[in-house]
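Peer 1: If you scroll down you'll find the structure; I have some questions about it.
The values are calculated or read from the model by the stated rules, or taken from the named source; none is laboratory data. Because the structure is a prediction, the values reported are computed rather than measured. Note: ideal-geometry Cβ built from the backbone for every residue, glycine included; neighbour counts use all protein chains shown. Note: accessible area is taken over every heavy atom of the protein model, side chains too, but ligands, DNA and RNA are not part of it. Shrake-Rupley method; radii C 1.70, N 1.55, O 1.52, S 1.80 Å.
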Amino acid sequence: MLFDNFTLILLGVVAVATLLPAQGQGAVFFDVLTTAAIALLFFMHGAKLSRQAIVAGAMHWRLHLLVFGCTFVMFPLIGVLLKPMLLPLLGEPLYIGMLFLCVLPGTVQSAIAFTSLAGGNVPAAVCSASASSIIGIVLTPLLVAALLNMQAGEVVSPLDSILSISAQLLLPFMAGHLLRPVIGGFVDRNRGWLGRIDQGSILLVVYTALSASVVDGLWQSVSVSKLMVLTAVCCMLLALVLWLTAWLGRSLGFSREDCITIVFAGSKKSMATGVPMAKVLFSGAMLGPALLPLMLFHQIQLMVCAVLAQKYAREGAAVLNPGRTPVP
């Protein structure tokens, strides 16, 4: 449960990028291949998105507003408020990476999968997670520009980033969704091995991005002790956000199913979207530190939420079958 195949392969990709980074013509080749893989990844995301699921979940506007608020307001606010603690602990490059993590959209697949496993409102999760990814294409560069202006005192224009990210992510996504009537049946029947394409695309982007940062001296600036501190910070951030999302859902009177959706849709950050965005928003030596918090947080959230989803499922089974002892 703690180390699934994807996590182990991701660690292997990090090791390969460290020992054998792509350089010269190899780096150019992998950069072109990565661009194509990102387009395919978001094309498949669009093709998987059912319009019926969007309609079914879209009516629950209070839930969606709360999830968007958690994703794009609460998370960035936490990142800014924790600056006095995080900046001395992590240093400026990794702190900027933490800010980047905080402004990313939520995940799609894992938020829906964990909501389903836990017995939450799946149509609402589909709608919230998918809308978060689309809105984040515009909103994340704006938030990055605003926070970096605050952090470094520099004027960062988000317009070029938005146009570039839209061309790389939004256009393939829309193309895939528009072609869903033609290819939707094939996609739904083959979700298993098509999911491997998603994971392969992410691994390829991670290798290409880390290679560039390793060549620029990533591991000379990030020590093992700093990585351990960063891991602890990511654990603390996730714990805080999980508690806040659960508390907000209960305090605002949402049903148990909706509260589960709020927890899993509002606490996630997407590596599938974040890694391509980082390639556009950061370059050179900044790319590695921008990605490290996201890579660590992503793995931690999968491990913790897998346990949490099963806990919710056991509690739901106990409510439905009060005379039976839940299976541990």
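Peer 1: By how many nm would the segment from residue 182 to residue 317 grow when fully extended, if each residue of separation counts as 0.36 nm and the alpha-carbon distance is taken off?
Peer 2: Fully extending the segment from residue 182 to residue 317 adds 44.7 nm.
Peer 1: Based on the alpha-carbon gyration tensor of segment 26-139 and its eigenvalue square roots a ≥ b ≥ c, which shape applies: rounded if a/c is under 1.5, prolate if not and a/b is larger than b/c, or oblate?
Peer 2: Working: a/c = 2.50, a/b = 1.19, b/c = 2.10.
Oblate, since a/c reaches 1.5 and b/c is not below a/b.
Peer 1: If you don't mind, there's one more thing I want to ask. Leaving out ligands, DNA and RNA, what percent of the accessible area of the chain is carbon and sulfur, probe 1.4 Å?
Peer 2: Values: 10540 of 14740 Å².
Accessible surface attributable to carbon and sulfur in the chain totals 72 percent.
Peer 1: Still on this model: Using only C-alpha positions, report the orientation-averaged shadow area of the convex hull of segment 227-283, nm², one decimal. Walk me through the numbers before you get to the answer.
Peer 2: Values: hull surface 20.7 nm².
Spelled out: convex hull of the Cα atoms, projected over all directions, averaged, 5.2 nm².
Peer 1: What residues qualify as long-range amide H neighbours of residue 269, i.e. H under 5 Å apart, gap of 5 or more or another chain, H built at 1.01 Å from N?
Peer 2: 107
Peer 1: So, one more: How large is the helix-only mean residue ellipticity at 222 nm for the chain, computed as the sum of -39500 (n - 2.57) over DSSP H runs with n ≥ 4, divided by its residue count, in deg cm²/dmol to the nearest 500?
Peer 2: On the way: 18 runs with 263 residues, N = 328.
After summing the helix terms and dividing by the residues of the chain, the value is -26000 deg cm²/dmol.
Peer 1: How would 48, 269 line up by accessible area, probe 1.4 Å, largest first?
Peer 2: Working: 48 30, 269 0 Å².
These residues rank, largest area first, as 48, 269.
Peer 1: Can you report the principal axis dimensions of segment 179-328 using only the alpha carbons, biggest first, rounded to whole angstrom?
Peer 2: Ordered largest first, segment 179-328 gives principal extents of 61, 47, 31 Å.
Peer 1: Additional query: How large is the translational diffusion coefficient of the chain in µm² per second when you combine the Kirkwood radius over alpha carbon pairs with Stokes-Einstein at 4 °C and 1.567 mPa s? Before the final figure, lay out the partial values.
Peer 2: On the way: Rh = 20.3 Å.
Using the Kirkwood radius from Cα pairs, D works out to 64 µm²/s.
Peer 1: Using only protein heavy atoms and a 1.4 Å probe, report how much of residue 257 is accessible, in Å² to the nearest 10.
Peer 2: 80 Å²
Peer 1: Quick one: angle between helix 271-281 and the longest Cα principal axis of the chain, in degrees between 0 and 90, rounded to 10, please.
Peer 2: Long axis of 271-281 versus the principal axis of the chain: about 30 degrees.
Peer 1: Quick one: which residues, 5+ away or cross-chain, put their amide H under 5 Å from the amide H of residue 50? H built at 1.01 Å from N.
Peer 2: Result for residue 50 returns nothing.
Peer 1: Under the 0.36 nm per residue contour assumption, what length would be gained going from the current alpha-carbon distance of residue 283 and residue 80 to full extension? Write out the running numbers ahead of the final one.
Peer 2: Numbers: separation 203, 0.36 × 203 = 73.08 nm, distance 2.26 nm.
Fully extending the segment from residue 283 to residue 80 adds 70.8 nm.
Peer 1: Residue by residue through segment 258-264, what is 3J(HN,Hα) from phi via Karplus (6.51 cos²θ - 1.76 cosθ + 1.60, θ = phi - 60°)? Round to whole Hz and write x for glycine and proline.
Peer 2: With coefficients 6.51, -1.76 and 1.60, one gets 5, 4, 4, 4, 4, 4, 7 Hz.
Peer 1: Here is a further query. Based on the Cβ-Cβ distance of residue 220 and residue 255, what FRET efficiency does E = 1/(1 + (r/R0)^6) give at R0 = 41 Å, to the nearest 0.05?
Peer 2: 0.20
Peer 1: Please report, in whole Å, how far the alpha carbons of segment 198-267 spread along each principal axis, starting with the longest.
Peer 2: Its Cα atoms span 52, 31, 12 Å along the three principal axes.
Peer 1: Here's a follow-up. Output the pairs from 83/269; 226/311; 83/279 with a Cα-Cα distance over 22 Å in this structure; if there are none, say none. Walk me through the numbers before you get to the answer.
Peer 2: On the way: 83/269 19 Å; 226/311 32 Å; 83/279 24 Å.
With Cα atoms farther than 22 Å apart: 226/311; 83/279.
Peer 1: Another question about this same structure. Karplus couplings for segment 216-222 from phi (6.51 cos²θ - 1.76 cosθ + 1.60, θ = phi - 60°), rounded to Hz, Gly and Pro as x?
Peer 2: 8, x, 4, 6, 6, 9, 10
Peer 1: What percent does the relative contact order of the chain come to when contacts are Cα pairs within less than 8 Å and at least six residues apart? Please report the intermediate quantities before stating the final value.
Peer 2: Values: 409 pairs, mean separation 107.6, N = 328.
Once divided by the residue count of the chain, the mean separation gives 33 percent.
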